[in-house]
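The block underneath contains the structure these notes are about, expressed in structure tokens.
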Amino acid sequence: QVQLVESGGELVQPGGSQTLSCKTSGSMFTIYPMGWYRQAPGSQQRDFVAEIVTSDTTRYADSVKGRFTISRDGAKNAVYLQMHSLKPEDTATYYCYINLVGQLYWGQGTQVTVSS
């Protein structure tokens with residue numbers, strides 16, 4: 001069974017930084033793409049944020065490019081999302097996922113609130 005557990009979401013002021021973590025249940029998953037989506041308050045859809053396959057293979061939503069950095073640590077079975085220059089519009093529940101040959105598995109989500 002695939003399990004993903006996110007952590008790190010909290011209240012942060014505009015312009016601040018925050019790092020989200022996501023740990024998977026098995027070391028065998030290090031070769032599969034992992035990433036983050038987010039769902040803003042009141043929205044019924046999840047929007048793509050970032051994805052990583054290897055350190056040289058990443059992609060980002062235009063809205064976060066240059067501010068967010070995704071990385072992974074195979075030894076810890078984890079993926080991270082470093083967020084800088086946070087804006088109120090970054091407020092959302094952030095969901096980690098892993099793509100196992102076309103099948104997406106999700107974490108439970110972690111709340112990020114950007115507000116003064």
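Read-outs throughout are calculated quantities, based only on the coordinates presented, and are distinct from any laboratory measurement. Quick caveat: nothing in here was measured; it's all calculated off a predicted structure. Neighbour counts are summed over all protein chains in view; Cβ atoms, including those assigned to glycine, are modelled from backbone coordinates with ideal geometry.
Report the full-extension gain for the segment LEU11 to ASP47: residue separation times 0.36 nm, less the Cα-Cα distance, to one decimal in nm. Stretched out fully, the LEU11 to ASP47 stretch lengthens by 10.9 nm. When all alpha carbon pairs of region 1-76 are counted in 10 Å bins from zero, the resulting P(r) reads 15, 48, 32, 5 %.
Within region 39-70, the trypsin sites (Lys or Arg not before Pro) that combine a DSSP coil assignment with at most 13 other C-beta atoms in a 10 angstrom radius are LYS65.
Under the criterion of Cα pairs below 8 Å and six or more residues apart, the relative contact order for region 27-116 equals 29 percent. One Cα centroid belongs to region 60-81, the other to region 10-34; the line between them spans 7 Å.
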